[in-house]
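Some notes on the structure that comes next.
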Amino acid sequence: MAADLAYAIVQTVHNFGAVAVVGSPAAAWVWQREQRMPPMALVWLTLSGWIIQALSGSAFAVTSYTSRGELPEVAGVAFVALCVKVLCAVVGMVLLCAFSWTSWRQRMQLWIWPSLVGIGATALTGAAFLRWFG
Ligand code: HEM
């Protein structure tokens, strides 16, 4: 019962994070296509979304370990899907950090939003494979 509640809470956070990593860059892309500078709030929302996904994704493992005393077995296709998700999270965070804190913003402006939508969609696809091959 307590473990189910913990899983449900972690899953809720993870689901909202998924919405943020796909929805926020999609909204920013619409702004950019209309020749307008997307609000910085969308940059922070996307970055927060990726951080939340990495933390809540790890929280699944912590919940399994504390409730069952072992980590879930993730092998084959499910393992590849998990690696894809982790890679997407790393690339997403690196791109957003470069965009926020380096002088490359101008150069990245045109391609960063569609790229982040694609990276988010890839992670979302990985989630489906992790779920059903896991
Ligand atoms: C470091 C990054 C991530 C880790 C470690 C991680 C880990 C996990 C784990 C362990 C699960 C539970 C799988 C299961 O129920 O068998 C899960 C589910 C899920 N993840 Fe992630 N995840 C990460 C990133 C992402 C991202 C970036 C997205 C979306 C863009 C995402 C979307 C989902 C969704 C939608 C589910 C629920 C799948 C379902 O039960 O139908 N995850 N994730």
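Taken together, the values in this text are just the output of simple stated rules run on the coordinates, not laboratory data. Quick caveat, the model's predicted, so the values are computed rather than measured.
Remark on the chain: Rg and Dmax equal 16.3, 53 Å (Cα only).
Let me check against my output: what whole-number percent is the relative contact order of the chain, with C-alpha pairs under 8 Å and at least 6 apart? Don't skip to the end; give the middle numbers.
Details: 132 pairs, mean separation 43.9, N = 134.
Dividing the mean separation by the residue count of the chain yields 33 percent.
Axis angle, to the nearest 10 degrees, between helix 2-33 and the longest C-alpha principal axis of the chain: 20 degrees. Distance from the Cα centroid of region 54-70 to that of region 85-134 is 24 Å (rounded to whole angstrom). Note: relative contact order over region 8-78, using C-alpha pairs below 8 Å and six or more positions apart, is 36 percent.
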